[in-house]
Amino acid sequence: MDMSQASFFTVDQAPEGAERVQVLAPYPLSRAYDYFLPEGMAAGPGDYVRIPLGRRETPGVVWAAGEAEGEKIDPKKIKPVLQRYDFPPMPQAQREFLEWVARYTMADLGSVLKMSLSVPDALSPPKEATAYTVPPEIHGAAAPFKLTAARQRVIDFLKDGVPRRAADIAREAGCGAGLVRSMATAGQLKAIAVSAPAPCRVVDLSHGVVSFSGEQQVAANALRGFAEKQEYAGVLLDGVTGAGKTEVYFEAVAETLRQGKQALVLLPEISLSAPFLERFEKRFGSAPALWHSEVPAAQRRVTWTGVAAGDTKVVIGARSALFLPFADLGLIVVDEEHDASYKQEEGVMYNARDMAVVRANLGNFPVVLVSATPSLETMVNVEQGKYSYLRLPSRHAGAQLPEMNVVNLKQFPPGRNRFISPPLEKALRETFHAAEQSLLFLNRRGYAPLTLCRTCGHRFQCPSCSAWLVEHRRHNRLQCHHCGYAQKVPTACPECNDADSLAACGPGVERIQEEVHALLPDARTFILASDVAGSPTAIRTAVRDIEEGKYDVIIGTQIIAKGHHFPSLTCVGVVDADLGLAGGDLRAGERTFQLLHQVAGRAGRAQKPGRVFLQTYMPEQSVIRALAASDRDAFLAAESAERERAGMPPFGRLAALILSGPDDVKLDVFCRSLAQSAPRYDDITVLGPAPAPMAFLRGKHRRRFLVKAGRNLPLQKYLAEWLGMVKVPSALQLKIDIDPQSFF
Ligand code: ADP
Ligand code: ZN
């Protein structure tokens, strides 16, 4: 028999006694499936393999050796593993972690794996790029042929012997990339194949060692101790903005690398800022590997492989970096641990801060949570002795915390259709005349959050969401901030046809800018909001311009709050300190405190003292009082007592079920039957169904259930029992949100 035919048959059908493995594929599947290993192929748990799945082929991970228990599958139906990739296996701690996340979030294991196999083609050999060098025969002074000036520049540029890509050569030598290639064809250059190296392989641990203050030194030593031990420990590093927390936790990173392990620093996406990266380079002499949504595909690929092979030492990333298959992870730092953006609200709904603690536990290494305004969850864990506690109480180099002023808007009302009160106006003028910068904070993009007709009262609403349309005057558009719907601002009311009857209600950042222009016509102003500044690069440029003093008044949304250090910013005005307190969100007070504290921290970070003005209609509100008195701990204590009384997190557990569908009648019928089938237990309460605050979103109606349980009750088990009894109609979508952070 023809040998090629024989091997063809063996891959189509499991031969007698062929070895079995269970392989998990990155698809919404709840478990691994059986495959057989063709003769001559060895693969064990953690190995990356390629398998047939339905009509396609996909990479997957061997989850276990042998066949799945309790199942007799027709051997004829079992398919072969097609290939084992030549790659270090996914470590056991990582696989246990994925299982843990799937169980906890009640997501499919395969969907969780997909977050780890986030670069699908990373396992195949890299595409090689071409680089060019100068061949030896024309290296000497006497080239065998005469060169044009451009060609000579190329040769000169490459004389240092470093191979470079055509585009880089062209840019440096001021010619086209085509010229470089034609020089290679003519034998004047030599083409060689290169693949991009993994980022952040070499880190100089003693590059930019800082000399610490006494309290910084204590914290740094403690962190070094944890990193050296390489055992699980949860640590909170708590300290005001500017206290040097970053410099201090860099020492934990350094010690981890000294132990030969890899380190991961998680930041809220928006904070992957240039100043942060510059400081990393200053400390370690090279750039870290970056992981976030803007990283280009080619870069993601080399980073993923570098991390999985253990070559890449330090990753700075947004929440998704937690799922990278680190070969030998030895530390996670979660900076701004209180930040809501650590919760993923789509797909697998996980909280990266909490899952980082789980990952550290399973991998047996320390995790450091960092914040100036720690979450209540974390503070309670400190109080209960679950986390160690390190505090940096003062700002570096004696910079003072800003002076806090509460402006009661009932007492000092702004003028008609104005939003800046007389005391804040005075401060803006003084700051401008002292040639210092001011920041006006308002967490609302656009010109006005609501447009209505003065004649008939018509309000402009999104056709697909229960939301008002926000006017964006500079683009002359009305926009929905939930689904992206937009229309031109009409000149007449669509309801009563009255012309010039439309009125803007309330302020957005554009309207505040207009008001500043009226107050201070010579001031140079800038709006820092995600839609105005645009791309991360544009934001970086804007931040640099502000640092260099190109603007006098900055009007910003929450992207201004984080990580930036503006030396001549001395006055901060919070236009509407009450904005975040409306609505029934469990954490409204806590979040407002965190956000406004962070905004206030932008003032007076360098030598000049800063002032903060909080405009409010509720000066007696506990959040405002805590901010005014800079008394975070009293606020947290009060908040904590209130949550404990109500049995709310972190003293009780919550899960939300969100059901949505295009037909509200069918949705309500199903929700009612779902409510009736909820099993009854002591200490578990099911609230709902209720229309979600966003009862209509992107054309779908939405209903919510809230399940409230005692702290130590098996919430997931309860939900599994309940949902196991019902079948969700295919027209409806069900999302399970464990530990919900948002309640929209
Ligand atoms: P935090 O992370 O607590 O807000 P940072 O680590 O960003 O504080 O420190 C604030 C500023 O002070 C940074 O510019 C940092 O480089 C500087 N800094 C902090 N500690 C030191 C130190 N010991 N020596 C020199 N510069 C320091
Ligand atoms: Zn909409």
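Rounded to the nearest 20 debye, the dipole size of the stretch 20-122 about its Cα centre is 280 debye, using +1 on the Cβ of Lys and Arg and -1 on the Cβ of Asp and Glu. If I model the chain as equal point scatterers sitting on the Cα atoms and use the Debye formula, what is log10 I(q)/I(0) at q = 0.09, 0.10 Å⁻¹? Relative scattering, expressed as log10 I(q)/I(0), comes to -1.02, -1.21. Summary of packing: across the peptides 242-253, 413-424, 500-511, 214-225, the per-residue average of other C-beta atoms within 10 Å ranks them, highest first, as 242-253, 500-511, 214-225, 413-424. Once you order the gyration tensor axes a ≥ b ≥ c over the Cα atoms, which shape class does the stretch 424-492 get: rounded for a/c under 1.5, otherwise prolate or oblate by comparing a/b with b/c? Prolate, because a/c is 1.5 or more and a/b exceeds b/c. For the peptides 567-578, 518-529, the ranking by packing is 567-578, 518-529, with the highest mean count of neighbouring Cβ atoms within 10 Å listed first. If you sort the three axes of the alpha carbon gyration tensor as a ≥ b ≥ c, you get a/c under 1.5 for the stretch 214-396, which makes it rounded. Which of rounded, prolate, oblate describes the stretch 63-112, given a ≥ b ≥ c as roots of the alpha-carbon gyration tensor eigenvalues and a/c under 1.5 marking rounded, otherwise prolate only if a/b is larger than b/c? Verdict is oblate for the stretch 63-112.
By the Cβ rule of 4.7 Å, the chain holds the following cysteines without a possible disulfide partner: Cys175, Cys200, Cys483, Cys505, Cys571, Cys671. When the pairs Lys159/Lys282; Lys343/Lys717; Lys700/Lys727 are compared against a 24 Å limit on Cα-Cα distance, Lys159/Lys282 fall above it. A simple rule links phi to the HN-Hα coupling: the Karplus curve 6.51 cos²θ - 1.76 cosθ + 1.60 with θ = phi - 60°, which for the stretch 350-360 gives 10, 9, 5, 5, 5, 6, 5, 5, 5, 4, 5 Hz, with x for Gly and Pro. What is the percent carbon and sulfur in the accessible area of the chain, measuring with a 1.4 Å probe over the protein chains and ignoring ligands? Carbon and sulfur together cover 52 percent of it. Approximating the spin labels as points 7 Å out from Cα along Cα→Cβ, the His565-to-Glu346 distance works out to 3.4 nm.
Largest accessible area first, the listed residues Met183, Met115 line up as Met115, Met183 when surface is computed with a 1.4 Å probe on the assembled protein chains. For the peptides 42-48, 363-369, the ranking by packing is 363-369, 42-48, with the highest mean count of neighbouring Cβ atoms within 10 Å listed first. Across the stretch 20-122, the relative contact order, built from alpha-carbon pairs under 8 Å that are at least six residues apart, equals 36 percent. Backbone amide hydrogens, once placed in the peptide plane, bring Leu369 within less than 5 Å of Val235, Leu236, Leu237, Val334, excluding anything fewer than 5 places away on its chain.
Rolling a 1.4 Å probe across the protein heavy atoms gives the chain an accessible surface of 45 Å² per residue. Within a straight-line Cα-Cα reach of under 23 Å, Lys410 can be paired with the following lysines, leaving aside sequence neighbours fewer than 8 residues apart in one chain: Lys426.
The values are calculated or read from the model by the stated rules, or taken from the named source; none is laboratory data. What you are looking at is a predicted structure, and each value in this text was computed from that prediction instead of being measured. Here Cβ is always computed from backbone atoms with ideal geometry, including for glycine, and neighbour counts include all displayed protein chains. Only protein heavy atoms, including side chains, enter the accessible area calculation; ligands, DNA and RNA are left aside. Shrake-Rupley method; radii C 1.70, N 1.55, O 1.52, S 1.80 Å.
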